[in-house]
Amino acid sequence: MIREFLTYLRSIRGYSENTTRAYGKDLAEFSQWAKESIDHARWSTLTRDDIDKFLIHQAERGLKPSTTNRQLSAISSLYGYFMREGLIDHNPCKYESRRKQPQTMPNTISVEAIRKAYNKAQGMTKTMLGLLATTGIRLQEMLDLRWQDIDFENAQLRIMGKGSKERIVQTDASVLASLAQVRQYARPEMRLFYVGQRHTRYLIYEALRPYSNSRQLSPHAIRHTFATELAKNGETTTTIAKILGHSHLETSQKYINMAEIAAPRHSITLNQ
């Protein structure tokens, strides 16, 4: 049943491969725990109390609230799927509460470090750095880009985000100019970058490393930087959520909170 559910998440709900894989791992853990801890355990007979015991067990193992909350979401989503399929008539997770998570500030990289890395980088690395820095898109969103998603005239990108939600983001014309040499050889349906997440993270890290001692030099740290700069420039939570493709305003609000303790700045410009 878990396999069918994961297929549903990918093909119908449009979940990313990373999220689907994480849900699969969480559900496999819960299933194994139930088999070992509950006599004659079946999905249809597990109760809210059983799920409570599993989450307590996971917390006692030292798992962070963010992890156990994701596991609860995976279990709840699975039961929601069972209900839609008519396999059960209730969701034992429906009123289950999440563990509170400590408030942490997003890890960012200085704009100056990103600018220096961009101006020094070459080829594909330069283009990827430019796209990440000027749009704040997620790593996978960038790797999913196809030539037909680029509006060269208006310097815009059509992004297919989480949950298959489409949005338009603005970039810098100079970033797109670096693609002009290969544009004529590409078909519209072809991807811009045929490279995996791990290798891309390595390229970004190596490009940034000489210019920053930040604890995390990653594509997502660039996204945090982009969002924080938007907040410093006075953008509202709703606008930030729209640009970054956030599903929940709470996710965007943390950048507003961070900007309140920093001096206002301009959005990221790369050629200075």
Query raised in the report: On the given criteria, is residue 34 at pLDDT 90 or above, assigned to a helix (DSSP H, G or I) and either open to solvent by less than 30 Å² (accessible area, probe 1.4 Å) or of a type in the set (A, V, I, L, M, F, W, C) (or both)?
Result: yes
Report summary line: Those residues of segment 221-236 which are crowded, with 16+ Cβ neighbours inside 10 Å and of a type outside the set (A, V, I, L, M, F, W, C) amount to 223, 224, 225, 228, 229, 232, 235
Query raised in the report: Going through segment 37-52 one residue at a time, which ones are open to solvent by 50 Å² or more (accessible area, probe 1.4 Å) and more than 32 Å from the chain's Cα centre (by Cα)?
Result: 37, 39, 40, 42, 44, 45
Query raised in the report: If you go through segment 1-31 one residue at a time, how many are assigned to a helix (DSSP H, G or I), open to solvent by 70 Å² or more (accessible area, probe 1.4 Å) and under 15 Å from residue 73 (Cβ atoms)?
Result: 3
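Would you pick out the residues in segment 122-133 that are open to solvent by 20 Å² or more (accessible area, probe 1.4 Å) and either in contact (Cβ under 8 Å) with a residue 24 or more places away in the chain or within 21 Å of the chain's Cα centre (by Cα) (or both)?
124, 125, 126
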Query raised in the report: Do we find a residue being surrounded by fewer than 20 Cβ atoms within 10 Å (Cβ to Cβ) and at pLDDT 85 or above anywhere in segment 92-100?
Result: no
Query raised in the report: Among 239, 200, 171, which is the only one that is open to solvent by less than 30 Å² (accessible area, probe 1.4 Å) and either more than 30 Å from residue 8 (Cβ to Cβ) or more than 21 Å from the chain's Cα centre (by Cα) (or both)?
Result: 171
Report task. Would you check if there is a residue in segment 57-78 being crowded, with 17+ Cβ neighbours inside 10 Å and farther than 28 Å from residue 138 by Cβ? Result -> no
Query raised in the report: What number goes with the only condition from (1) closer than 22 Å to residue 10 by Cβ; (2) open to solvent by 50 Å² or more (accessible area, probe 1.4 Å); (3) assigned to a helix (DSSP H, G or I) that residue 148 does not pass?
Result: (1)
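So that you can scan it fast, the table gives a plain yes or no per residue for (1) at pLDDT 95 or above; (2) not β-branched (Val, Ile, Thr):
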| position | (1), (2) |
| --- | --- |
| 149 | yes, yes |
| 160 | no, yes |
| 163 | no, yes |
| 166 | no, yes |
| 173 | no, yes |
| 182 | no, no |
| 188 | no, yes |
| 193 | no, yes |
| 198 | no, yes |
Report summary line: Apart from one, (1) in a loop (DSSP other than H, G, I, E, B); (2) modelled with pLDDT of 80 or more all hold for residue 265; the odd one out is (2)
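The values are calculated or read from the model by the stated rules, or taken from the named source; none is laboratory data. Quick caveat, the model's predicted, so the values are computed rather than measured. Neighbour counts are summed over all protein chains in view; Cβ atoms, including those assigned to glycine, are modelled from backbone coordinates with ideal geometry. We work out accessible area using only protein heavy atoms, side chains counted, and drop any ligands, DNA or RNA first. Shrake-Rupley method; radii C 1.70, N 1.55, O 1.52, S 1.80 Å.
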